[in-house]
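What follows draws every value from the coordinates through simple rules; no lab data is involved. Every value quoted in this text rests on a predicted model; they were computed, and no experiment measured them. We place every Cβ from the backbone using ideal geometry, glycine too, and count neighbours over all the protein chains shown.
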Amino acid sequence: MDHILQKYVPERAVEPSLQLIKKSGVHLKIVDKRVTRHGDYRKLANGSHQITVNATLNKYRFLITLIHEIAHLVAFEKYGRFIKPHGLEWKRTFQYLMLPFIRPEIFPTRLLPLLARHFKNPKASSDTDARLSLALKEYDVQHLDMSFVFEIPHGGFFRLYNGKIFKKGNKRVKRYECVEVATGRTYLFQPNAEVEIIES
């Protein structure tokens, strides 16, 4: 397992990640990219625990996702199955498990203050923390045909991965109101959502 993890997490995070996986008794499954999620945790019918993480994530996001999902298992085991999936118990567990990894030997120095701020109150997805998400995306394999919603001019058009086309509208607090062209329905988009610009 350690030689597999070397491909997916930062070098200095391999051993402590492996220890967490062994201690929690979870089966790690690395899967092809799923657009709607980075990873998930489930208890299988036979009572065993499985975590899946997308193979396409960069090493830093993969590590955060791995610890995020292990935190679900640890929190459920400690506090019971009736806690909220991303409630206070999970947040505390995620903070505790992640703390040993937030070090300059593991993460680039420029990410450390963003991680420290994020883990004061971790969210259900690091994607909802726009500053951290954008900083993490700088380490992705670049998709030259993709842009972020915040880069699109007001009134500009963009396409999602599922082919739906939207027109960008006003910013409402942190997110942008965008109208789906086919239905006229308004949706809210995070500024760091990756989309394909449609040239007018």
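Brief remarks on what is shown
- Each stretch of four or more DSSP H residues adds -39500 (n - 2.57); spread over every residue of the chain, this sum gives -10000 deg cm²/dmol at 222 nm.
- Whole-Hz couplings from phi, Karplus 6.51/-1.76/1.60, listed for segment 146-157; x for Gly and Pro: 9, 9, 9, 4, 5, 7, 7, x, 4, x, x, 10
- Net length available on complete extension from E151 to I165 is 3.4 nm, with 0.36 nm assigned per residue and the Cα-Cα distance removed.
- Gain on full stretching of the segment that runs from I198 to S125 - 0.36 nm per residue minus C-alpha separation: 23.5 nm
- Choice from L99, L136, L57 showing the highest fluctuation, given a GNM over the chain with Cα pairs closer than 10 Å: L99
- Loop sites in segment 18-113: GluC sites (Glu not before Pro), DSSP, at most 16 other Cβ within 10 Å: E105
- Net lengthening on full extension, K33/R117 (0.36 nm per residue, minus Cα-Cα): 27.5 nm
- Over 21 Å apart at the Cα level, from the set K22/K120; K29/K123; K7/K33; K7/K43, are K22/K120; K29/K123; K7/K43.
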